[in-house]
Structure formats: C-alpha cells, structure tokens
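The values are calculated or read from the model by the stated rules, or taken from the named source; none is laboratory data. What you see is a predicted model, and the numbers here were worked out from it, not measured in a lab. Please note: Cβ atoms are built from the backbone with ideal geometry, for glycine as well, and neighbour counts cover all protein chains shown. Note: areas computed on protein heavy atoms with side chains; ligands, DNA, RNA excluded. Shrake-Rupley method; radii C 1.70, N 1.55, O 1.52, S 1.80 Å.
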Amino acid sequence: MTSKPAAKPARPYFSSGPCAKPPGWTPEKLNTESLGRSHRAKIGKTRLQYCIDLMREMLDLPETHRIGIVPGSDTGAFEMAMWTMLGARGVTALAWESFGEGWVTDAVKQLKLEPKVHRADYGQLPDLSKVDWNDDVLFTWNGTTSGVRVPDGEWIPDDREGLSFADATSAVFAYDIPWDKIDVATFSWQKVLGGEGGHGVLILGPRAVQRLEEYTPAWPLPKLFRLMSKGALAEGIFKGETINTPSMLAVEDAIFALEWAQSIGGLSGLKARSDANAHALDKIVADRVWLNHLAVDSGIRSKTSVCLSIEGADADFIKKFAGLLEAEGAAYDIAGYRDAPPGLRIWCGATVDTADIEALAPWLDWAFATLNA
C-alpha cells in the first residue's frame, strides 16, 4: 500500500465554484469604506464603477460593448439575457453538459420556444459547423461540469443574423475571447477571479443592444430582468447603478481580485497561471494509467474546470476518494458534478498555485491505493 504523503498542498482549494481566493487574500485586506453605506451614495457608485472599469481593462473589452453587474450570479445574468432578447427569431441551443442543458430547459419549458438542440455526451462537443446562425445561438464557452470548451471563436461567422449568447463563466479571464464574435456574454466573479457568488456580470455588444431597443418579448419580465426603462436601454446598469441592492462586500472582494490580477500582468498573467496549472495536471494524468481526462481531445479540453475519470470508479468510489482527501486536508471539493459521469473535477484557474497542483499528485496515488487495498 502507498504510504501517506508527508507534504500537502499549501492551499488545498480545488473547488470549481466558488473557487480558491487569490494568493495572499485575507478579509482584512478588503477596502471596507463602502460598507454600511448606500450603494447609491457617491462612494458606492464610485466603487461599483471602478469594479466595472477594472473588468473592462482586464478583459480588453472594446468600447462597443457594455458591461454591468446584475443579480443572481452567472445563472441570473444568462437568464436575464434569454428572457429579454429571445423570441425575436429562431433559437439554437448547444448542450454538452449540465448548464447547457439548463438553458435548453429554460427555452422549452419556461419560454415555450422550440429551439434546435445540438447535443453531445460529456467529454465531447457537438459539430459546430452545423449550427444555423440565422438563429440566436446559446452555448457555454467552457463547460464547467464536463471540462469541454469550444476551441475558439472561428466557428462564429461575422455575418451572422442571430445573436451569439455565450455563458462564459469558467472562460472569462482564462482565455482570449474574440469580442467581435460575442453579442452577449455572462460570467460570475466566483470562478477565475476567486470572488464571491451571488452577483453576475452581463456584457452586451451593439447587436444585443439593438435587439433590446427594437424587440419586446411576449412574456412578462420580473423586475430583476428589466434592462429597458421608458423605451430605452437602462444605461445606469452599465455605470454601476445596479437593478437591486448589491453586496458591497462582494464588490470589494472582486476589486481585490482584479487588482491582484493587475499586479501579475493582467489577462496575460491570469492565462499563464491557468495554463501552467492545466499543464501540471496533464502531466499527472499522463503518468497514471488509472487516471484519464474526460475530454480526450486536448483541443477542446478545459484549462480551468478539468474533469477526470478513474478507471472502474463508480459514484460511491468517487465519494469515498474525495472524502479521504478532504479528511486529510489534502484536497477540498474535487468530486465531479452530480449530473456528470463519476469522476474528479480539479479547478486549474489562475487563483490556484501550480505547486499545489503538483503536490496533489502523491495524494491521488494514496487515495487510489487506499481504496483498492
């Protein structure tokens, strides 16, 4: 039997959301001046706008695209986009993991639409060449629960008639996003930035704004979804005037993460850290015959939410495997998503240190040997 390793990852936080906090984070380092104040007071508006400005700078987002902080994390942001813009033309939905399937359910059961659906099994990607861009198209840029991503934006035509809706929550800040290909993008701070949940970010390109201004959906819109005011786009949302009361503590936490990202070289620094983590995990997998990537094709494999399969493992084995490592304080939250095939999911985003991915290797060996003894 493999002996228990002597050293542990210094920060054994490998959850795929909320993810590890940025290195060096402590609550004492957060700016708290805005706490206990109205978010509509000058200090609140200033900090919200500063957070938006930092995100724009970090993402190199063109001035043509608006960026706003909205309720409900990534799910709230994406559903806000669906409810306010779908129905003007046909809909195509791509589903190769749990959240993509969720958008299909929303379109069919809630909005009563009849989308064309392109599905693929976990670990695979649908044939992107068959997507009808006369439709509005819903897809996840990086499938958090399957570890599968789109290879790039080349499959999205410049002359598309429909809008591209990208759930990019596990992709933003880890990949180069071609913003000219994206009409709607959503994400949350809790992924690559290691921020807190509860708030989403909505990015709208000019074609999405045009849709909002020219089209009114047939169904009622909850107050939290309303992006229009008196027949015009509610521009205040994209200047820090949130629809409802935000947590200024979560905003300050996001600002800390963004300023940390600036200190390591911005987007290029974040991508480099994520790439290094994914490479380190690739090496661990390559050195073990019992461990495999769920996404066999490296060209569509996530560099953030990396999903792995263990030879012969069922759900009970995975639960015990993850439980052993958690009990030892060697790795937290590495069991795969509940709807995915039984396996492990190890977050490799920028807030994780590569040394901790490397230190995880002998612990994986130990857990595997212990359960097979």
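What to note about this one:
- Among the protein heavy atoms of the chain, carbon and sulfur supply 50% of the accessible surface, probe 1.4 Å, non-protein parts ignored.
- The range 1-98: C-alpha gyration tensor shape, a/c 1.5 cut-off, then a/b vs b/c: oblate
- Fluctuation leader among Val150, Val184, Val289 - the chain, Gaussian network, Cα springs under 10 angstrom: Val289
- Contact order relative to length of the chain, as percent, for alpha carbon pairs under 8 angstrom and 6 or more apart: 27
- Point-to-point label distance, Asp180-Ser3, nm (Cα→Cβ direction, 7 Å offset): 6.0
- Acute angle (nearest 10 degrees) that the helix 248-263 long axis makes with the longest principal axis of the chain, alpha-carbon atoms: 70
- Rounded to the nearest 10 degrees, the inclination of helix 354-372 to the longest alpha-carbon principal axis of the chain is 60 degrees.
- For the range 152-263, with +1 on Lys and Arg beta carbons and -1 on Asp and Glu, the positive-most of Val201, Thr245, Ile156 along the dipole: Thr245
- Computed extension gain for Glu213 through Ser229, at 0.36 nm per residue and net of the alpha carbon distance, reaches 4.7 nm.
- Counting charges near Thr351 (Lys, Arg +1; Asp, Glu -1) among other residues having Cβ under 11 Å from its Cβ returns a value of +2.
- Mean-square fluctuations from a GNM of the chain, with a 10 angstrom spring cutoff on Cα atoms, peak among Val172, Val251, Val117 at Val117.
- Pairs spanning more than 26 Å between alpha-carbon atoms, out of Lys109/Lys223; Lys112/Lys191; Lys112/Lys303; Lys181/Lys271: Lys112/Lys191; Lys112/Lys303.
- Theoretical FRET efficiency, 1/(1+(r/R0)^6), r = Cβ-Cβ of Lys239 and Asp60, R0 25 Å, to 0.05: 0.80
- Pairwise alpha-carbon distances in the chain exceed 27 Å for 48% of all pairs.
- Residues in the range 38-70 that a label on Glu259 would reach, taking backbone N under 17 Å of a point 7 Å out along Cα→Cβ: 43-58
- Considering only Gln110, Gln49, Gln262, the Gaussian network model of the chain with Cα springs below 10 Å gives its largest mean-square fluctuation to Gln110.
- For the range 81-129, size of Cβ-based charge dipole, Lys and Arg +1, Asp and Glu -1, in debye: 260
- Sparsely packed loop sites in the range 1-65 (the GluC sites (Glu not before Pro) outside DSSP H, G, I, E and B with at most 15 other Cβ atoms within 10 Å) comprise Glu33, Glu63.
- Angstrom value of the Kirkwood radius, inverse mean 1/r, which spans all Cα pairs in the range 43-142: 15.4
- Computed over the range 138-205: relative contact order in percent, which uses C-alpha pairs under 8 Å that are six or more apart: 28
- Note that the range 14-31 has calculated 3J(HN,Hα) couplings of 10, 5, 8, x, x, 9, 3, 5, x, x, x, 5, 9, x, 5, 7, 7, 6 Hz, one per residue in order, obtained from phi through the Karplus relation 6.51 cos²θ - 1.76 cosθ + 1.60 (θ = phi - 60°); glycine and proline are x.
- For the chain, the longest principal axis of the alpha carbon atoms and the long axis of helix 266-286 meet at an angle near 40°.
- Mean separation of Cα contacts under 8 Å, 6 or more apart, over the residue count of the range 99-214: relative contact order %: 18
- What separates the Cα centres of the range 99-175 and the range 354-373 is a distance of 34 Å.
- Solvent-accessible area per residue, Å², over the chain with all protein chains present [probe radius 1.4 Å]: 41
- Loop-resident trypsin sites (Lys or Arg not before Pro) (DSSP state other than H, G, I, E or B) in the range 64-112 with no more than 11 further Cβ atoms inside 10 Å of their Cβ: Lys112.
- Take the Kirkwood radius over Cα pairs of the range 131-214, plug it into Stokes-Einstein at 37 °C and 0.692 mPa s, and you get 245 µm²/s for translational diffusion.
- Under 5 Å between amide hydrogens, built in the peptide plane, is the criterion, and for Ala335 it picks out Arg345 among residues at least 5 positions away or on other chains.
- Of the GluC sites (Glu not before Pro) in the range 287-360, those whose Cβ has at most 11 other Cβ within 10 Å and which sit in DSSP loop: Glu311
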